[in-house]
Amino acid sequence: LVRLRARLSKSNNSLGRGLLTLLSRDRLDDDAWEEIEETLLMADVGLESTNRIVERLRERVKVLGTRTAEELRGLLSEELTAALDPSFDRALNATGDGERPAVLLVVGVNGAGKTTTCGKIARVLIADGHSVVLGAADTFRAAAADQLETWGKRVGSTVVRGPEGGDPASVAFDAVKTGTEQGADSVLVDTAGRLQNKTGLMDELGKVKRVIEKQGPVAETLLIIDATTGQNGLEQARVFTEVCQVTGVVLTKLDGTAKGGIVIAVQQTLGVPVKLIGLGEGPDDLAPFDVQQFVDALLD
Ligand code: GDP
């Protein structure tokens, strides 16, 4: 939590602090509420969620009458928590049943942080005593497979790769097969993020998934979203939720943005829980997404 705070505090609690300052004003007139709205929009909370949060805050502040700082903090904490939907199941289905490894398909646009996140997840699983196989199904760029191999060496997991320009589905198949043969607990399949056209992407990811499913179900399809790309990135991300059944989002680069509100917009727009957050480029810079911790970090 301390680390989360430190990573977010650079920029991020400007959202929480900004809101608290605004709400503490003696007179909360229309202008003040407009500023509160702007603050939320600037933090990438998104229009729909912003409207809902402001509406609820207005109502509750009215009921409250005079407000102490403590009361305002509590109120804001409650509303941000509600906006982050604490009822989502955020547990990662990442380890197998002893017979078959859990297969995690990792998707998202280029540069979002897929390969890095595969490495970080492998690191966490291995630290917990599990064995992991990484599959380099991004055969489009040789550098992507090299990068995954570097991560494999770093964290201690087998990496399965194919020839450059080869069939991604066949690499995915081999990775799952290797994982099963080795008795691994998890297989993480890193994919390409080409988005020139939706049909191509759909074909490629669809095939990867079908081929994996010949050996059993996919445990998780994780969509990696770069938090710094804002509402734009969300539009691109939406295509993936249309193409494959995304079970969780990993929001990366939260260390590099003042716009932590994007977590709210992601869930609201995609209807999928944020399960993990990326807080840096290093192997340990991954954290489970915990609503209360996140809200506390925003408000402190
Ligand atoms: P991919 O193309 O989706 O596989 O993306 P990569 O894993 O290659 O990541 C793209 C860049 O983002 C790399 O320079 C990573 O080090 C960086 N990156 C990934 N996750 C994070 C994060 O959580 N925080 C920061 N600051 N950088 C990240």
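The values are calculated or read from the model by the stated rules, or taken from the named source; none is laboratory data. Every value quoted in this text rests on a predicted model; they were computed, and no experiment measured them. Ideal geometry is used to build each Cβ from the backbone, glycine not excepted, and the neighbour counts take in all protein chains shown.
Please give the number of the condition PHE140 fails out of (1) at pLDDT below 95; (2) out of contact with any Lys or Arg (no Cβ under 8 Å at 6 or more places or on another chain); (3) not in a helix (DSSP H, G or I); (4) not hydroxyl-bearing (Ser, Thr, Tyr).
(2)
When residues of the range 207-224 are filtered for being under 17 Å from ALA94 (Cα atoms) and in contact (Cβ under 8 Å) with a residue 12 or more places away in the chain, how many remain?
Adding up the residues that qualify gives 12.
Got a number for residues in the range 80-125 being surrounded by 19 or more Cβ atoms within 10 Å (Cβ to Cβ), touching a helix residue (DSSP H, G or I) at 6+ places or on another chain (Cβ under 8 Å) and charged (D, E, K, R)?
Count: 1.
Quick check: anything in the range 161-175 at pLDDT 90 or above, under 27 Å from ALA287 (Cβ atoms) and within 14 Å of the ligand (Cβ to nearest atom)?
No, the range 161-175 contains no residue that is at pLDDT 90 or above, under 27 Å from ALA287 (Cβ atoms) and within 14 Å of the ligand (Cβ to nearest atom).
Can you give me the number of residues within the range 197-221 that are surrounded by 15 or more Cβ atoms within 10 Å (Cβ to Cβ), farther than 15 Å from VAL246 by Cα and out of contact with any strand residue (DSSP E or B) (no Cβ under 6 Å at 6 or more places or on another chain)?
5
Out of (1) under 18 Å from THR117 (Cβ atoms); (2) away from the ligand (no atom under 15 Å from the Cβ); (3) of a type outside the set (Ser, Thr, Tyr), what's the single condition that is false for LYS207?
With (1) under 18 Å from THR117 (Cβ atoms); (2) away from the ligand (no atom under 15 Å from the Cβ); (3) of a type outside the set (Ser, Thr, Tyr) applied to LYS207, the lone miss is (1).
Pairs under 8 Å by beta carbon, first residue over 22 Å from ASP138 (Cβ atoms) and more than 16 Å from the ligand (Cβ to nearest atom) in the range 178-190, partner modelled with pLDDT of 95 or more and assigned to a strand (DSSP E or B), six or more apart or different chains?
Matching pairs, first to second residue: ASP185/ALA102; ASP185/VAL132.
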